[in-house]
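Before any comments, here is the structure.
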């Protein structure tokens with residue numbers, strides 16, 4: 001995936017040299033056609049850990065015909081149609097799409113009163129929201145670069161990250177003097193936050209994300225802009241799709257070893273936040289178009305209904 005193969009639908013959605021080496025160790029915990037594809041491209045085996053699942057009842061299984069040729073993905077043709085067609089041609093099997101199938105936000109997970117009041121004090125589109133999902137854990141030096149890059153923007157912020165791997169609490173990971181310098185300007189927490197509710201708040205102007213599957217779709221259906229700092233395999237390809245192919249996001253620039261500076265993070269955020277930025281305006285314009293597409297009435301339910309009909313017709 002460093003050099004896209006023939007008939008691959010994009011010259012932008014690919015890996016860089018420093019990313020490909022780390023992908024194999026990541027893919028050992030993943031399954032699917034992408035692992036098979038990487039194995040064939042690099043002529044190396046990809047070993048997968050298989051989850052221990054209860055044996056399905058025979059009556060619940062697809063018949064032999066269906067099991068042999070069914071490919072199903074949680075995406076939509078509008079966003080990733082050419083890639084779905086490519087997979088279909090590579091495996092000589094049809095591809096069925098369900099849409100992203102995102103859970104409905106639960107009222108019990110709404111932002112609490114304290115958090116809502118804190119956000120409410122800021123003008124629309126002025127706050128940075130920084131979250132990397134529930135699985136990704138950074139090392140301490142990476143964590144500090146991210147947090148210091150946020151501080152450099154001089155904008156109010158809400159950071160929700162798990163403590164780095166070598167410390168027990170978020171407070172231990174913060175650089176010396178950070179809390180004093182940013183007192184009253186931001187919140188740093190290591191606990192669960194209702195991301196979808198936060199993204200829908202009018203004060204949020206920029207979402208700094210790892211571009212995991214759920215975060216990617218939640219961003220596309222929100223009003224804020226996004227800066228991407230991917231870490232692992234699918235996050236990297238999601239990022240290239242949004243930033244390079246669709247031009248609805250910006251990725252933080254890194255060196256050949258995959259490292260970025262706090263200055264690079266700050267400058268990338270300002271590129272989408274500053275009024276009058278041509279690049280920021282282009283991204284906002286493209287984002288609006290995609291949000292209108294994905295949130296139009298019947299869009300998501302239509303994919304589910306079509307997928308169910310396809311299964312009945314197998």
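When you restrict to C-alpha pairs under 8 Å that are six or more residues apart and normalise by the size of region 107-294, the relative contact order lands at 22 percent.
Using the number of other C-beta atoms within 10 angstrom as an exposure proxy, rank 299, 157 with the fewest first.
299, 157
What separates the Cα centres of region 147-183 and region 286-314 is a distance of 39 Å.
On a full-extension model of 0.36 nm per residue, what is the gain between residue 117 and residue 70, subtracting their alpha-carbon distance, rounded to one decimal in nm?
Length difference between fully extended and current span is 12.1 nm.
Note on region 240-284 and region 193-207: Cα centroid distance 19 Å, given to the nearest whole angstrom.
When each of 224, 206 is scored by the number of other beta-carbon atoms lying within 10 Å, the sequence from fewest to most is 224, 206.
First check a/c for region 107-294, with a ≥ b ≥ c the square roots of the eigenvalues of its C-alpha gyration tensor; if it is under 1.5, answer rounded, and if not, answer prolate when a/b is larger than b/c or oblate otherwise. It is rounded, given that a/c, with a ≥ b ≥ c, falls under 1.5. With a ≥ b ≥ c the root eigenvalues of the C-alpha gyration tensor of region 251-303, is it rounded (a/c under 1.5), prolate (a/b larger than b/c) or oblate? Verdict is oblate for region 251-303. In this structure, residue 213 and residue 77 have a Cβ-Cβ separation that, at R0 = 22 Å, corresponds to a calculated FRET efficiency of about 0.85.
Oblate is the label for region 133-209, because the ratio a/c of its alpha-carbon gyration tensor axes (a ≥ b ≥ c) is 1.5 or higher and a/b is not greater than b/c. Taking other Cβ atoms within 10 Å as a rough exposure proxy, 303, 91, 96 sort from fewest to most as 91, 96, 303. Here the simple spin-label model places points 7 Å from the Cα toward Cβ, and for residue 141 and residue 179 these points are separated by 2.5 nm.
Quick note: the coordinates plus some simple rules give every number you see, no bench work behind them. What you are looking at is a predicted structure, and each value in this text was computed from that prediction instead of being measured. Neighbour counts run over all protein chains shown; Cβ positions are idealised from the backbone, glycine included.
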